[in-house]
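The values are calculated or read from the model by the stated rules, or taken from the named source; none is laboratory data. Computed from a predicted structure; not experimentally measured. Using ideal geometry, Cβ is built from the backbone for each residue, glycine included, and neighbour counts are taken over all protein chains shown. Calculation scope for accessible area: heavy atoms of the full protein, side chains included, ligands and nucleic acids excluded. Shrake-Rupley method; radii C 1.70, N 1.55, O 1.52, S 1.80 Å.
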Amino acid sequence: MKRFLIVLATGAALAAVHLPAAVAETPYGSLPAPSGCSAPAVRAPAGTAVESVTAARREGGTIDGTGVVGGTVTGVPAFCEVTVTLTHPGDNDHARVRTWLPVSGWNGRFQALGGSAFAAGDNGVGMGTAVKNGYAATTTDGGLADAVDADWALNAKGEVDTALLNNLASRSQHEAAIVGKQVVAAHFGSPASYSYFNGCSTGGRQGYLEAQRYPDDFDGILANAPAVSWDEFEVATLWPQVVMNNEKTYPSACAFKAFTDAAVAACDPLDGAEDKLVNDASRCDFDPRRLIGTTVVCDGKELTITAADAAVVRKIWDGPRTATGRRLWSGVPVGADLAGLAGTTAPDADGQVRGAPFPVPRLWVTNWLKKQPSFDVSTITYDQFTRLFEQSRTEYGRIIGTDDPDLSAFRDAGGKLLTWHGQADQFIPAQGTVDYRRQVERTMGGGKRVDDFYRLFLAPGTAHCGLNKGGGTTDDLAALTAWVEQGKAPQTLPATLLDATGRSVDRDLCRYPEVSRYRGHGDPAAASSFRCVLPSRH
């Protein structure tokens, strides 16, 4: 179960990756294949030195993703793999930039793949998918390790390794874009006609970083469930553990599910149809105290919901606040799996249960804030939590916050930014992305002007990185390429979602700020039965 949650949080595939056919289409036909697979000459990006360049032909087939993320993609055609190792002189880092070049059938496009959690780049599944769809693909490891491996955070002196943190935060993705484009041009004899970035979670944050700081790197950026405001939300996602530890109450996953199911049932009809989906999670104000005294069956045993259980859920849904009641961040969305961040251990010999924090926020606090990898986060009080939140914002906001709302340079460069975010995201609340979008609107002249280059879609009932990753499907990359190459801005994003029972339903995801509303007739599982409208005030 823990590995399953880690995979979800890092935004990775759980099994074979969904491959929408439209993505593989190309307006150029099949381009001529180059001869051979050789190491090209590469100019080092500014501030770096090239340590080595190697090339090897790979036969493709089935590619299994490395590390804790895992995943599999099948039917990958043969490709030439070029690996360029970069270093920043004086930093003693070694970042590998891998570029996979289709032996045949290149569609003329370049795609860079983002990372997950503390991993700077793709583990092979995204790269294989890109090559299968005809792209030349690039990713970088930034000189770091696996998704939930933070052993690199501190140097031998116990100080934060700022060089590697900067690799994760900003510079490695930009350098990979520069190197990858060089490799593509040298291998095929001409540069790519269009360049794209594709990432979710940490990869989504990297996409926003590219739009903010390196607006000329990509024509189109697909950045889903983005981990923007990393310095704030990463501490905020430890809040469920802080609540349970301070209230000394640890509801079981089954009890948490009872609260979630009750909230979904209560708020499901708000869109006009009882379809097991909450189409506008921000309108759901279900009070968990309504479940006090009710009985649920967990693992074959009856369990009575207590006032203490309801108090914990209420605080987790509400989100972290200071002692004076000032809101620090949004909470776990109603409808999301509470056990993702509010995990607990199995009962010990004495029947005691303890919190089991999710690795990413725990590692951020222990390594980058406390600078003590062995620090016990279960000892954090409410007051200490507030101080840690403020410390993280002060120390790391400018380094890895990635929430600059001025996207004028990206707009002026002709770039397009497309994002979807699941409203039942259990690890990165969608409200953070909504708040960022609102900041961009305030900075850049309102929603209509921002829609010219940046569009956000919210996916009801969808977990972290769920679309195309086991919790539904959408042809988001095809929508982005049509916007970039044909000027067809997406009005909706057609998707297949999973409702609360696991049944597949079709929906047209609405362009923010619109929400989906039932027409009053038609099959609730059909997209045609809904329309997009502005949300009512409440």
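Run down 481, 462 and say which single residue is touching a residue at least 40 places away in the same chain (Cβ under 8 Å) and in a helix (DSSP H, G or I).
Selected residue: 481, the only one of 481, 462 that is touching a residue at least 40 places away in the same chain (Cβ under 8 Å) and in a helix (DSSP H, G or I).
Which members of the stretch 40-55 meet the condition of being in a strand (DSSP E or B), aliphatic (A, V, I, L, M) and surrounded by fewer than 17 Cβ atoms within 10 Å (Cβ to Cβ)?
So in the stretch 40-55, the residues in a strand (DSSP E or B) come out as 49-55.
Cutting the leftovers down to aliphatic (A, V, I, L, M) gives us 49-50, 53, 55.
Result: 49, 50.
Taking the stretch 505-527 only, how many residues are open to solvent by 50 Å² or more (accessible area, probe 1.4 Å) and either touching a residue at least 12 places away in the same chain (Cβ under 8 Å) or closer than 21 Å to residue 434 by Cα (or both)?
8
Condition first: in contact with a helix residue (DSSP H, G or I) (Cβ under 7 Å, 6 or more places away or on another chain) and of a type in the set (Gly, Ala, Ser). Now tell me which residues in the stretch 202-235 satisfy that.
Matches in the stretch 202-235: 211, 220, 223, 225, 227, 229.
Which of the following residues is open to solvent by 50 Å² or more (accessible area, probe 1.4 Å), under 20 Å from residue 500 (Cβ atoms) and either out of contact with any strand residue (DSSP E or B) (no Cβ under 8 Å at 6 or more places or on another chain) or of a type in the set (A, V, I, L, M, F, W, C) (or both): 270, 303?
270
Among the residues of the stretch 57-66, is there at least one that is under 16 Å from residue 172 (Cα atoms) and either in a strand (DSSP E or B) or modelled with pLDDT under 95 (or both)?
Checked the stretch 57-66: no residue is under 16 Å from residue 172 (Cα atoms) and either in a strand (DSSP E or B) or modelled with pLDDT under 95 (or both).
Which condition from (1) assigned to a loop (DSSP other than H, G, I, E, B); (2) within 29 Å of residue 467 (Cα to Cα); (3) hydrophobic (A, V, I, L, M, F, W, C) is the one that residue 375 breaks?
Residue 375 satisfies every listed condition except (2).
Looking at (1) buried (at least 20 other Cβ atoms within 10 Å of the Cβ); (2) outside any loop (DSSP other than H, G, I, E, B); (3) within 23 Å of the chain's Cα centre (by Cα), which is the one condition that is false for residue 425?
Of (1) buried (at least 20 other Cβ atoms within 10 Å of the Cβ); (2) outside any loop (DSSP other than H, G, I, E, B); (3) within 23 Å of the chain's Cα centre (by Cα), only one is false for residue 425: (2).
Please find, within the stretch 378-410, the residue that is farthest from residue 320 (Cα to Cα) out of those that are free of Cβ contacts under 8 Å to residues at least 60 places away in the same chain and among the charged types (D, E, K, R).
Per the criteria, the residue is 398.
Identify, from the list 227, 192, 236, 211, the residue that is surrounded by 23 or more Cβ atoms within 10 Å (Cβ to Cβ), touching a Lys or Arg at 6+ places or on another chain (Cβ under 6 Å) and not β-branched (Val, Ile, Thr).
Going through 227, 192, 236, 211 in turn, just one is surrounded by 23 or more Cβ atoms within 10 Å (Cβ to Cβ), touching a Lys or Arg at 6+ places or on another chain (Cβ under 6 Å) and not β-branched (Val, Ile, Thr): 227.
Looking only at the stretch 378-413, which residues are part of a helix (DSSP H, G or I), β-branched (Val, Ile, Thr) and open to solvent by 30 Å² or more (accessible area, probe 1.4 Å)?
379, 394, 399
Pairs under 6 Å by beta carbon, first residue of a type in the set (Ser, Thr, Tyr) in the stretch 239-266, partner open to solvent by 10 Å² or more (accessible area, probe 1.4 Å) and assigned to a helix (DSSP H, G or I), six or more apart or different chains?
These pairs meet every condition: 249/308.
Looking only at the stretch 239-263, filter to residues that are within 25 Å of the chain's Cα centre (by Cα) and surrounded by fewer than 23 Cβ atoms within 10 Å (Cβ to Cβ); which one of those is farthest from residue 336 (Cα to Cα)?
Residue satisfying both the conditions and the ranking: 253.
Somewhere in the stretch 341-359, is a residue of a type outside the set (Lys, Arg), part of a helix (DSSP H, G or I) and under 24 Å from residue 251 (Cα atoms)?
yes
Do we find that residue 316 is more than 32 Å from the chain's Cα centre (by Cα) and of a type in the set (Val, Ile, Thr) in this structure?
Here the answer is no, as residue 316 does not meet what is asked.
Collect the residues in the stretch 56-66 that are surrounded by fewer than 16 Cβ atoms within 10 Å (Cβ to Cβ) and not polar (S, T, N, Q), keeping them in residue-number order.
The answer is 56, 57, 59, 61, 64.
Could you please let me know if residue 34 is assigned to a loop (DSSP other than H, G, I, E, B), surrounded by 13 or more Cβ atoms within 10 Å (Cβ to Cβ), at pLDDT below 95 and not small (Gly, Ala, Ser)?
Taking the combined requirement at face value, the residue satisfies it.
When the stretch 320-369 is examined, which residues are found to be of a type in the set (Phe, Trp, Tyr) and open to solvent by less than 30 Å² (accessible area, probe 1.4 Å)?
Correct list: 358, 364, 368.
Could you please let me know if residue 467 is touching a Ser or Thr at 6+ places or on another chain (Cβ under 6 Å), crowded, with 23+ Cβ neighbours inside 10 Å and outside any strand (DSSP E or B)? Lay out the reasoning, then the answer.
On the way: touching a Ser or Thr at 6+ places or on another chain (Cβ under 6 Å): yes; crowded, with 23+ Cβ neighbours inside 10 Å: yes; outside any strand (DSSP E or B): yes.
So residue 467 passes the test.
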